[in-house]
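S.K.: Next up is a structure, given as structure tokens.
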Amino acid sequence: MGPPSPVPESTGNRCGHDPRHPRLDPLRPIRKGKGGLPRILSLAAERTKAWFDHPKRCPPLLTHGDRKTRSERREACLVVLETMLSHLDLASLCLGVPTLANGFIDIDMKSIVRGTGLGQRRCERAIGQLRRAGFMQVTQPRGRSDEGRYFGCRAIRVITSALFEWLGLGPMLRREQIRASEALHRKARKANRKFTDFMRRVTSGFKF
């Protein structure tokens, strides 16, 4: 009888994560170059990737005290972050698109999950960790029907300026926010619309 077969080394868990070969890019990465998104967004995504190999460089994202976060959670956080940055409106720091016809349209969770290529539960856990770190804010507004019944509206998700400050991009963010707000002003004037009607989210700020 020969020697027992070696037990194969574990490569992660049931979520498909391999700590030796992490997948740090989402299914739909940030568009770069001509016709792409503002450089600050891809630059932020690139700088966050250093966190995977050096988790203690970002104390807000550590699990408890100085205990580093598990590699599969770090992977999910980075993938989710890049996906959300690709949907970020720089003028308001909300996830979604300002429109002339319908005001600000917030992105839904299904779009985030599709963009990452991860499962919904992994995305939700990653978002929870980003919120605890102070890099995100989420609120669930309610509407009221003509019959007086309350119903849940699409969640409002915000990437806070703290993320950009941590990445050393605070001054660049402030310049890009001014530029984005001015672009919205021009678009509103061209369409003969008051800017406050077109984009209340920017002028009033994000409030819970």
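The values are calculated or read from the model by the stated rules, or taken from the named source; none is laboratory data. Fair warning: this is a prediction, and the values are worked out from it, not measured in the lab. Positions of Cβ are generated from backbone atoms using ideal geometry, with glycine treated the same way; all protein chains shown enter the neighbour counts.
S.K.: Being surrounded by 15 or more Cβ atoms within 10 Å (Cβ to Cβ), closer than 25 Å to E165 by Cβ and modelled with pLDDT under 95 narrows it down to one residue among T69, T83; which is it?
M.R.: Only one candidate qualifies: T69.
S.K.: Can you find, within segment 83-108, the residue that is farthest from L41 (Cα to Cα) among those that are part of a helix (DSSP H, G or I) and touching a strand residue (DSSP E or B) at 6+ places or on another chain (Cβ under 9 Å)?
M.R.: Restricting to residues being part of a helix (DSSP H, G or I) and touching a strand residue (DSSP E or B) at 6+ places or on another chain (Cβ under 9 Å), the top hit is M84.
S.K.: Is it the case that I178 is closer than 22 Å to V138 by Cα, out of contact with any Pro (no Cβ under 7 Å at 6 or more places or on another chain) and of a type outside the set (D, E)?
M.R.: Considered against the rule, which asks whether it is closer than 22 Å to V138 by Cα, out of contact with any Pro (no Cβ under 7 Å at 6 or more places or on another chain) and of a type outside the set (D, E), I178 comes out as no.
S.K.: Continuing with the same structure: Test A133 against the stated conditions and say whether it is of a type in the set (A, V, I, L, M, F, W, C) and within 21 Å of L61 (Cα to Cα).
M.R.: Considered against the rule, which asks whether it is of a type in the set (A, V, I, L, M, F, W, C) and within 21 Å of L61 (Cα to Cα), A133 comes out as yes.
S.K.: I need a count of the residues in segment 153-185 that are over 13 Å from the mean Cα position of the chain (by Cα), of a type in the set (K, R) and closer than 16 Å to F135 by Cα.
M.R.: The qualifying residues number 0.
S.K.: For segment 129-142, which residues satisfy the criterion of being under 19 Å from G96 (Cα atoms) and either exposed (fewer than 14 other Cβ atoms within 10 Å of the Cβ) or touching an Asp or Glu at 6+ places or on another chain (Cβ under 7 Å) (or both)?
M.R.: T139, Q140, P141, R142
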